[in-house]
Each structure stands twice: as structure tokens, then as C-alpha cells.
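Asks: The following block contains the structure, expressed as C-alpha cells.
Bear in mind these aren't lab numbers, they're just calculated from the coordinates by the rules spelled out. All of these numbers come straight from a predicted model, not from anything done at the bench. As a convention, Cβ positions derive from the backbone with ideal geometry for all residues, glycine included, and neighbour counts pool all protein chains shown.
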Amino acid sequence: MHYDLLLVDDHKIMRDGIKAILKFTDEFRVVGEAETGTDAVQMCKKQNPHIVLMDIGLPGLNGIEATTEILRHCPDVKIIVLSMYDDEHSVVGAIRGGARAFVLKRASDTDLLDALRIVAKGGSYMSPQVSDRLVNRIKRGDMDDKPIPGVLEGLSPRELQVLRLVAEGKTSKEIAVLLDLGLQTVRSYRKTMMKKLNVNNVAGLTQLALAAGVTRFGPGTLPVV
């Protein structure tokens with residue numbers, strides 16, 4: 001049996017490298033490629049692949065947010081997150097978002113294939129460097145889990161998601177497309193956030209978001225929905 005695979009990465013050279021690795025096995029068949037999280041969600045809805053290899057650092061809808069959206073529509077899809085970074089925020093965010101595995105981009109070909117095979121059979125996998133680091137940090141009791149800034153504590157997970165995109169300069173229409181929401185729904189979120197945060201316009205909302213450091217959080221630090 002072979003497994004259908006969707007590759008999601010905004011760098012073609014990375015996708016080509018993964019395809020080159022997969023040429024040495026007939027277990028996995030690449031049925032699609034996407035450069036953005038939004039495209040990945042749409043392609044999963046249409047193709048329903050067995051596995052998605054998901055880059056974490058995507059523009060707009062990041063890999064963790066895309067993972068959550070895919071699983072909302074296609075709960076049987078198994079997702080492996082790929083990342084250049086091994087910080088605990090990214091790892092924990094990916095697992096909380098529903099990923100079955102977390103693989104570093106600097107991992108060996110063997111590690112990637114091991115992850116694919118284990119996940120395909122229903123298991124979970126984490127790159128050895130990542131698991132060792134997390135275990136050591138847990139033993140030391142110094143997991144640095146940054147809290148949401150106090151000023152933002154009253155916002156819902158979806159509002160925080162919208163807020164991040166607003167702070168990055170996305171329009172309501174762009175946010176609606178990225179999060180697969182109606183335009184009026186996005187506008188309603190913005191209006192509600194402005195009321196909760198006591199600001200009068202989008203500029204004030206953006207300034208507050210930037211001051212709170214929303215866009216400086218690593219992937220997965222803000223809640224995913």
C-alpha cells in the first residue's frame with residue numbers, strides 16, 4: 001500500500017528535496033504541493049491525502065494554524081510538522097494543534113522516512129534532538145511557556161488569531177481568505193476586539209497588538225483554534 005502525501009512549504013527547493021528523498025521508496029506518493037497554509041487547507045478538502053508534511057513558518061496562515069484548520073475539515077488526515085526551530089513553543093504548539101509528528105528540517109533522510117512510516121501506521125514521532133531537549137527542560141523544571149500578555153487575556157483564541165494578522169497588516173478581506181471566514185465575521189471580530197481593548201480604530205488595535213508583542217511570538221505561542 002502507498003500513502004498519498006501533500007507537501008506544504010513556501011520554498012520550492014525544500015519540496016524538491018523531499019521529493020528526491022521519496023524517490024527511493026514506493027511507500028509514499030506526492031499528490032500535491034502548496035506554498036501557503038490557505039492553499040494547503042483547500043487542497044486537503046479536495047484531495048483528502050493520508051499525510052501532510054507541513055512547514056511551520058508559512059506566510060499568512062502559519063503551519064500550526066493550517067494544521068488546525070485542516071483537521072477541522074479533514075479529521076483523518078495525519079500531519080507531520082517540519083521546522084527549522086526546536087524551541088518548545090513551536091513543538092508544543094504543533095502538538096496542541098493536532099500534529100502527529102515534529103521533524104526538524106536538518107534531520108537526516110532516515111529520520112524523515114521513519115517519521116512518515118510511523119505516522120502512516122497511526123503512531124507519533126519527534127526528532128531525537130527535540131525530544132531530548134524537551135525531556136531535559138522538563139527535568140530541570142524550566143519550560144519557558146510565555147503567557148499571553150495581560151492586556152490580551154480577555155480575547156478568545158480566534159480573536160488572537162485575527163489580531164496577529166491585523167498586526168501584520170492584513171486587510172479584513174485577506175484575513176477572511178486566510179482563515180476561511182466570512183468577511184462580515186472578520187469585521188465583527190475586529191469590532192469586538194476594539195471594544196474589549198478600548199481602542200477606537202484599526203490603527204489603535206494594531207499599535208496595541210504590536211506593543212503587546214503579538215508578532216514577536218514564535219509559531220504556536222498564541223492559541224490555535
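Asks: Measuring from a point 7 Å past the Cα of T110 along Cα-to-C-beta, which residues in segment 1-23 have an amide N at less than 20 Å?
Replies: 18-23
Asks: Next up: Which ordering of T110, T68, T171, T206 is given by a fewest-first count of other beta-carbon atoms within 10 Å? Mind dumping the intermediate values first?
Replies: Working: T110 9, T68 23, T171 13, T206 18.
In order of increasing Cβ crowding within 10 Å: T110, T171, T206, T68.
Asks: Would you pull out the residues with amide H under 5 Å of Y125's amide H, same chain only if 5 or more places away, H placed 1.01 Å from N?
Replies: A101, F102
Asks: Round to the nearest 0.05 the FRET efficiency obtained for H73 and Q207 when R0 = 45 Å and r is the Cβ-Cβ distance. Display every interim value, and only then the final one.
Replies: On the way: r = 34 Å, r/R0 = 0.76.
Rounded to the nearest 0.05, the efficiency is 0.85.
Asks: While we're on this one: Taking 0.36 nm per intervening residue step and subtracting the Cα-Cα distance, what contour gain separates I21 from E174 on full extension?
Replies: Numbers: separation 153, 0.36 × 153 = 55.08 nm, distance 3.50 nm.
That works out to 51.6 nm of additional length.
Asks: Starting with the fewest neighbours, write out C44, C74 ranked by other beta-carbon atoms found within 10 Å of each beta-carbon.
Replies: C74, C44
Asks: What ranking of E65, E174 emerges when the number of other C-beta atoms within 10 Å of each C-beta is taken as an exposure proxy, fewest first?
Replies: Values: E65 26, E174 15.
So the ranking, lowest neighbour count to highest, is E174, E65.
Asks: Taking θ as phi - 60°, what are the ³J(HN,Hα) couplings along segment 191-203 by the Karplus curve (6.51, -1.76, 1.60), each to the nearest whole Hz, with x for Gly and Pro?
Replies: 5, 5, 5, 4, 5, 5, 9, 6, 10, 9, 8, 5, 4
Asks: Please list, in order along segment 30-45, the HN-Hα scalar couplings obtained from phi with the Karplus expression 6.51 cos²θ - 1.76 cosθ + 1.60 (θ = phi - 60°), rounded to whole Hz, x for Gly and Pro.
Replies: 6, 10, x, 9, 9, 9, 10, x, 4, 5, 4, 4, 5, 5, 5, 4
Asks: Another question about this same structure. Output wanted: per-residue J couplings in Hz (rounded whole) for segment 75-90, from phi through Karplus 6.51 cos²θ - 1.76 cosθ + 1.60, θ = phi - 60°, x for Gly and Pro.
Replies: Using θ = phi - 60°, the values come out as x, 8, 5, 9, 10, 10, 8, 10, 8, 7, 10, 10, 5, 5, 5, 5 Hz.
Asks: I'd like the trypsin sites (Lys or Arg not before Pro) in segment 1-55 restricted to DSSP loop residues with at most 15 other Cβ atoms within 10 Å, sorted by number.
Replies: Working: sites: K12, R15, K19, K23, R29, K45, K46; in loops: K23.
Sparse-neighbourhood loop trypsin sites (Lys or Arg not before Pro): K23.
Asks: While we're looking at this one, here's another question. Points 7 angstrom from Cα along the Cβ direction at K121 and K45: gap in nanometres?
Replies: The answer from the label model is 3.5 nm.
Asks: Quick one: which of K170/K191; K105/K170; K78/K170; K45/K78; K78/K173 span more than 22 angstrom between C-alpha atoms? Before the final figure, lay out each step's value.
Replies: On the way: K170/K191 15 Å; K105/K170 28 Å; K78/K170 29 Å; K45/K78 13 Å; K78/K173 30 Å.
In this structure, K105/K170; K78/K170; K78/K173 exceed 22 Å between Cα atoms.
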